[in-house]
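Engineer: After the structure tokens below, expect a handful of questions from me.
The values are calculated or read from the model by the stated rules, or taken from the named source; none is laboratory data. Source: prediction; values computed, not measured. Backbone-built Cβ (ideal geometry, glycine too); neighbour counts: all protein chains shown.
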Amino acid sequence: MKKFKAIVMTLLMTMLVSSIAAPAFAAGLKGEEFNLVNDDSGYKIVIPNFIETTSVTGKNIDDEEFELSNVVVMETPKKNADGTYSIFEIITTDKQAVLVDSNPGVYGEGLLGIYEGKFVNNRLVYSPTFMIGDKELKDIAEGYVFTFDFTVYDKDDNVLFDVIDLNFMFENKADAGSKETPAKPEVKKVSAKPTASKVMVNGKEVAFEAYEIDGSNYFKLRDLATVVNGTDKQFSVEWDGVKSAISLTGGEAYKADGSELAVSANPTVKDATPATAKLYVNGQEVQFTAYEINNSNYFKLRDIAKAINFAVTWDAKASTVGIDTSAGYTE
């Protein structure tokens, strides 16, 4: 294989949606956890010996330029006794998930191996075999971008979940250890109290799992998109992999993913940390205060109402928040 002319231009400590800087569950691999596609997909991966995420530019075998963002960098895994390499663990809450199929490769050059595995207790260690002859991964890894896209199937071979653009680079341990690891800034937590107020949407009471922080109400984007769907103020919610951001588009119908309007039986005070995901509204980046609570992003109701242009009211006597899609937003 021809060596990539890959040049790491800028190290961007971005995320694959939502990173949790904590060890994985006791079983399986331990490492950095990343939700896949969105916070509510029900799929995450655990990456052992994670170093960082980065942006990469270079040229492929046809001398065509490429640019990739959110490339995972990890220490090169050791070869297992059976000849495989444990890259990451897939964890899912989807009880129908049975099989994972993947064709790992080198970005822009072609396939490098095959992989097929079955979930056990909703977990699976992604451990492909590479077609590299007598060499080991550490001998050929430097400078390449590896692709580990995969598809999840149920027992009847129906596609349940598909992951693309899951790109990795490897650093051999001696090289990785020589880098200075910058200290992570301390993340300030705040208390998020379950919203005690009723919420009326176009005159009908709707139950949300919303939280109050510093006197403002915070809601999940997907919950808000659900309750205004089908009205003149409907909007879509998508993950934009190019911008590494959440994208809202006014006027587009919302596509549900099954996680909407889930409410705990007895909501309690939660820790909230500032959310890091970027937000785009109709293609323009906006700067809103947002928090991550229980691995989901919560945004201030009035910020979203203003961006999408629907009315929000407050009835202090009845302790009721109102959402009205027949009117525009006013301060």
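Engineer: Could you tell me how many of the residues in the stretch 165-178 are within 16 Å of L111 (Cα to Cα) and either modelled with pLDDT of 90 or more or part of a strand (DSSP E or B) (or both)?
Structural biologist: Residues flagged as within 16 Å of L111 (Cα to Cα) and either modelled with pLDDT of 90 or more or part of a strand (DSSP E or B) (or both) within the stretch 165-178 amount to 4.
Engineer: Here is a follow-up. Tell me which of these D101 doesn't satisfy, since it passes every other one: (1) at pLDDT below 95; (2) under 27 Å from A141 (Cβ atoms).
Structural biologist: Only one criterion in (1) at pLDDT below 95; (2) under 27 Å from A141 (Cβ atoms) is unmet by D101, namely (1).
Engineer: Quick check on the stretch 200-223. Is at least one of its residues closer than 30 Å to N167 by Cβ, of a type outside the set (S, T, N, Q) and either out of contact with any helix residue (DSSP H, G or I) (no Cβ under 8 Å at 6 or more places or on another chain) or part of a loop (DSSP other than H, G, I, E, B) (or both)?
Structural biologist: yes
Engineer: So which residues in the stretch 224-250 are modelled with pLDDT under 95 and assigned to a loop (DSSP other than H, G, I, E, B), if there are any at all?
Structural biologist: G241, V242, K243, S244
Engineer: Can you tell me which residue in the stretch 256-285 is surrounded by the most Cβ atoms within 10 Å (Cβ to Cβ), limited to those that are aliphatic (A, V, I, L, M), touching a strand residue (DSSP E or B) at 6+ places or on another chain (Cβ under 8 Å) and part of a loop (DSSP other than H, G, I, E, B)?
Structural biologist: A275
Engineer: Could you tell me whether A253 is over 23 Å from the mean Cα position of the chain (by Cα) and assigned to a loop (DSSP other than H, G, I, E, B)?
Structural biologist: Answer is no for this residue.
Engineer: Determine if the stretch 214-237 includes at least one residue that is in contact with a Lys or Arg (Cβ under 8 Å, 6 or more places away or on another chain), under 17 Å from Q284 (Cα atoms) and surrounded by fewer than 19 Cβ atoms within 10 Å (Cβ to Cβ).
Structural biologist: Yes: one or more hits.
Engineer: Looking only at the stretch 129-146, which residues are hydroxyl-bearing (S, T, Y) and either assigned to a loop (DSSP other than H, G, I, E, B) or under 10 Å from T76 (Cα atoms) (or both)?
Structural biologist: Y144
Engineer: Please verify whether the stretch 295-305 includes one or more residues that are modelled with pLDDT under 95, in the same structural domain as S247 (by TED's automatic domain parsing) and assigned to a loop (DSSP other than H, G, I, E, B).
Structural biologist: Yes, the stretch 295-305 contains at least one residue that is modelled with pLDDT under 95, in the same structural domain as S247 (by TED's automatic domain parsing) and assigned to a loop (DSSP other than H, G, I, E, B).
Engineer: Then there is this: Can you tell me which condition G328 does not meet? The list is (1) free of Cβ contacts under 8 Å to residues at least 60 places away in the same chain; (2) over 27 Å from L68 (Cα atoms); (3) buried (at least 20 other Cβ atoms within 10 Å of the Cβ), and all the others hold.
Structural biologist: Failed condition: (3).
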